[in-house]
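K.L.:
Have a look at this one.
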Amino acid sequence: MPALSSQSNDDSFDDVWEELNWRGLVHVSTDAAALKELLAGPPITFYCGFDPTAPSLHLGNLVQLLTMRRLQLAGHRPLGLVGGSTGLIGDPRPTAERVLNTRDTVAEWVGYLQAQVSRFLSGDGDNALRMVNNLDWTAGLSAIDFLRDIGKYFRIGTMIKKDAVSARLNSAEGISYTEFSYQVLQGLDYLQLYRDHGCVLQTGGSDQWGNLTSGTDLIHKAERVSVHAIGTPLITNSDGTKFGKSEGNAIWLEPSMTSPYAFYQFWLNTDDADVIFRLRIFTFLGRAEIDRLAEAVATEPFKREAQRALAWEVTALVHGAEATESVIAAAAALFGQGDLAVLDAGMLESALRELPNTTSPASTPVAQLLLDTGLTTSAGEGRRAIAQGGVYVNNTRVESETATLEGAVLPGGFAVLRRGKKTLAGVFVE
RNA sequence: GGCAAGUUACCCAAGUGGCCAAAGGGAUCUGACUGUAAAUCAGCCGUCUUAGACUUCGCAGGUUCGAAUCCUGCACUUGCCA
C-alpha cells in the first residue's frame, strides 16, 4: 500500500550513515567509524525484531520500520524478525512484570505483525525483505541444550547491569526469571541470524540497547567476530509527555485500532517544538525540504505548514494516499467553523464514516450518544461534559443535559457530535 | 522453610474504628486565551437519573451500632536469614 517505489534517501548525504545521523536516528551504536565504513560498502544483512505484544505495531515500531527502509534503500538486506518465542516471554520493562499472553494469542499476533512489517519494506530485488521467526530455532531447543550451549556464554554480573533489569531489581516489583532470561533469547536470535544469513547489524530502540549488546557480545564470544548494533532514540515530546499516545492510548498502525482520521489528527496536532524532529524521523522528505519547513515554522507558525506536511506524509505512508485524502476532506468538512447544513450531504456523510459513529433514533439523549460513540466512558462523564459546555451537536453547543437530536438532524439524516474542540463522532439517525 | 515489611482509585501517594468516595501531586478530560500549538489560569476527575443512593482501599471470612483502618486465613511483592 505505501508507495515504496517513490521513496528514496537524500543523495546530498555522503552515505546512509550520515543521513541516519542527520535524521537523529542514531542514539547509541557500536563503533561509529566501523559502522560508517560498513554501511558505505557492499550490501550487508541486518535485522530488527518486533515482539507480538499486541495485535498491531505502533508508532514506536514505525521508527524501526523506517530505519530499516532507509538501510534497504541504501542497498542493504533487511531481515524482519517477528518474535514468536520472545513474544511468549516478554522483554522486561523498567516498571512492571508483563502479563503473559497465551500461545494461541501470540501466534495470531505474529501473523498480523508479519503482514504489517512486510508492507513497509520492499519485497523485490537482490535485497528483498526476508521474514524470520525466532520460534523456528527455539521451539525445538531443549532446556539442557540451551543452558549448556548458550547459557555458558552469559555472565550474571553483566546481565544484572542491564538498565531494564537493574531498574526492576531495585524496584519493589522485582523481576521474574522468565523476563530476566529475555536478553539471552534475543542474543541467541542475533547469533542464529549471523550464522544463517551473515547478519552483522541489528537495529532497535535505545531502550533495547541491553538486548542488542547481548547479541553482539554473544557473537563475539561464540564466533570471535565483531558485529554491530544501532539504537534509535526513544521519541519524546518536548513537554515531557509520552510520544505516541493520544488520550493515554497508543497510536496503532492498524486502522481498526486507530482510525486513519485519528492518526492524521495525531500528527497534525504535533507541537511546534517537535515537528521538525518528527519530519526527519518519520518522513522521506529530504534535507532541503525539511529545512524549508523549519523556516516556515519559525516565521509563520500559525500556518502549520510543517504539521500539515508531516500529517500528510506519515498518514499516506501508513494508510495510503487515498485514505489520507479522504480524512483530510473529512476534517475540512467537520472542523469547520461554519454551518454544517450548507455542506454537501454526500461529502459530510463520507466524512462521518471516517469517525467513530453510531446509528440511533433522533429521540436518543445526547448523553447516551456520547457513550455510544465512545466520546465518553460513562453517563456521568457525559453529563459533566455537557454541564461544562464541552459538547456540541452540529457545531452548536448543547445547553441541556437532557437534550436529544430532535430538530437538529441535518439533511441526509445524520448529525455531527463533538466533544471539546476536536473530538468528533457521527450519528446516523434511523 | 523462618523472620520482617508491604498490597489504597489511571500513576505516585496520605489515611490506623465514625467527620472517607477516601488528603496531596501527576496524567487524562472540559472551559478561557489561541494557530485543531505551547505556556498560563479555572473547573471536573468511582458508578448511577440532581438531592440522594450504591459499589470501591489485594482476596475470603470475622469482630463492631459502624472497618480502608481491628482479628483470622489465603494470594502476591520486597528485604534479611537458612
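The values are calculated or read from the model by the stated rules, or taken from the named source; none is laboratory data. In this text, all values refer to a predicted model and were calculated from it rather than measured experimentally. Please note: Cβ atoms are built from the backbone with ideal geometry, for glycine as well, and neighbour counts cover all protein chains shown. When the accessible area is computed, the model is the full protein with side chains, heavy atoms only, and any ligands, DNA or RNA have been set aside. Shrake-Rupley method; radii C 1.70, N 1.55, O 1.52, S 1.80 Å.
K.L.:
Under 8 Å between Cβ atoms, which residue pairs at least 6 apart in sequence (or on different chains) link something in the stretch A:298-317 that is more than 12 Å from A:Arg278 (Cα to Cα) with a partner that is within 12 Å of RNA strand B (Cβ to nearest atom) and β-branched (Val, Ile, Thr)?
P.N.:
A:Glu305/A:Val297; A:Trp312/A:Ile328; A:Thr315/A:Val327
K.L.:
Kindly provide the set of residues from the stretch A:357-412 that are of a type in the set (Ser, Thr, Tyr) and surrounded by fewer than 16 Cβ atoms within 10 Å (Cβ to Cβ), ordered by number.
P.N.:
First pass over the stretch A:357-412, keeping only residues of a type in the set (Ser, Thr, Tyr): A:358-360, A:363-364, A:373, A:376-378, A:392, A:396, A:400, A:402, A:404.
Answer for the stretch A:357-412, where residues must be of a type in the set (Ser, Thr, Tyr) and surrounded by fewer than 16 Cβ atoms within 10 Å (Cβ to Cβ): A:Thr359, A:Ser363, A:Thr377, A:Ser378, A:Thr396, A:Ser400, A:Thr402.
K.L.:
Inside the stretch A:167-180, can you point out the residues that are surrounded by 16 or more Cβ atoms within 10 Å (Cβ to Cβ) and either more than 10 Å from RNA strand B (Cβ to nearest atom) or part of a helix (DSSP H, G or I) (or both)?
P.N.:
Result: A:Arg168, A:Glu179, A:Phe180.
K.L.:
Could we say that A:Asn237 is out of contact with any Gly (no Cβ under 8 Å at 6 or more places or on another chain), within 12 Å of RNA strand B (Cβ to nearest atom) and closer than 26 Å to A:Trp209 by Cα here? Please lay out each step first, then the result.
P.N.:
Values: out of contact with any Gly (no Cβ under 8 Å at 6 or more places or on another chain): yes; within 12 Å of RNA strand B (Cβ to nearest atom): yes; closer than 26 Å to A:Trp209 by Cα: yes.
So A:Asn237 passes the test.
K.L.:
State yes or no: is A:Ala403 within 15 Å of RNA strand B (Cβ to nearest atom), of a type in the set (Gly, Ala, Ser) and more than 28 Å from the chain's Cα centre (by Cα)?
P.N.:
Working: within 15 Å of RNA strand B (Cβ to nearest atom): yes; of a type in the set (Gly, Ala, Ser): yes; more than 28 Å from the chain's Cα centre (by Cα): yes.
Judged against the criteria, A:Ala403 is a match.
K.L.:
Before we move on, is A:Asp207 surrounded by fewer than 24 Cβ atoms within 10 Å (Cβ to Cβ) and away from RNA strand B (no atom under 16 Å from the Cβ)?
P.N.:
Working: surrounded by fewer than 24 Cβ atoms within 10 Å (Cβ to Cβ): yes; away from RNA strand B (no atom under 16 Å from the Cβ): yes.
When the stated conditions are applied, A:Asp207 passes them.
K.L.:
Look at A:Ser226 and say whether it is away from RNA strand B (no atom under 16 Å from the Cβ), open to solvent by 70 Å² or more (accessible area, probe 1.4 Å), over 20 Å from A:Lys422 (Cα atoms) and of a type outside the set (D, E, K, R).
P.N.:
Working: away from RNA strand B (no atom under 16 Å from the Cβ): yes; open to solvent by 70 Å² or more (accessible area, probe 1.4 Å): yes; over 20 Å from A:Lys422 (Cα atoms): yes; of a type outside the set (D, E, K, R): yes.
Here the answer is yes, as A:Ser226 does meet what is asked.
K.L.:
Let me ask something additional. Could you grab me the full set of residues in the stretch A:339-363 that are more than 13 Å from RNA strand B (Cβ to nearest atom) and part of a loop (DSSP other than H, G, I, E, B)? Lay out the reasoning, then the answer.
P.N.:
Step one: filter the stretch A:339-363 for residues more than 13 Å from RNA strand B (Cβ to nearest atom), giving A:339-350, A:352-353, A:356-363.
Within the stretch A:339-363, A:Asp339, A:Leu343, A:Asp344, A:Pro356, A:Pro361, A:Ala362, A:Ser363 qualify.
K.L.:
Does the stretch A:116-136 contain any residue that is among the acidic types (Asp, Glu) and open to solvent by less than 70 Å² (accessible area, probe 1.4 Å)? Outline the logic, then answer.
P.N.:
Residues of the stretch A:116-136 that are among the acidic types (Asp, Glu), as a first pass: A:124, A:126, A:136.
Next, only the ones that are open to solvent by less than 70 Å² (accessible area, probe 1.4 Å) stay: none.
For the stretch A:116-136, residues among the acidic types (Asp, Glu) and open to solvent by less than 70 Å² (accessible area, probe 1.4 Å): absent.
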